[in-house]
Amino acid sequence: MMARSPNANPPDWRNEKAYAYTAQLTRRGWAWEFLRRNPEFRHQLAIAIQQAMCSEVRAALQVIRSAVDLSRWGILFRRFRKL
């Protein structure tokens, strides 16, 4: 299952088929479903994305840095040391 974008509109709650994917969600998937709908989280994530800078590309990994701390939402990023 692909992660849904936090900026994507949630499925239409009146359409039962629009939520069929939830039958396969893990706890982490359910947490993301609730988190991505939180207006404060969405606001902070938008700021983090605006301030993010691609600092380097290593093989297929793109290293992105942002000053916004999203750890209060349980989103943690590994800190990289300079090589």
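Laboratory data are not the source of any read-out in this text; all were calculated from the coordinates shown. Only a predicted model underlies this, so the values are computations on that prediction, with no experimental measurement involved. Every residue, glycine among them, receives a Cβ derived from its backbone with ideal geometry; neighbour counts consider all protein chains shown.
Find how much the distance from residue 31 to residue 51 grows on full extension, using 0.36 nm per residue of separation minus their present alpha carbon separation; answer in nm with one decimal.
Details: separation 20, 0.36 × 20 = 7.20 nm, distance 2.49 nm.
Here the segment from residue 31 to residue 51 would lengthen by 4.7 nm.
Packing, taken as the mean count of other beta carbons within 10 Å per residue, orders the peptides 12-24, 35-47 from highest to lowest as 35-47, 12-24.
The stretch between residue 21 and residue 42 holds 5.4 nm of extra length on full extension. This uses 0.36 nm per residue minus the Cα-Cα distance.
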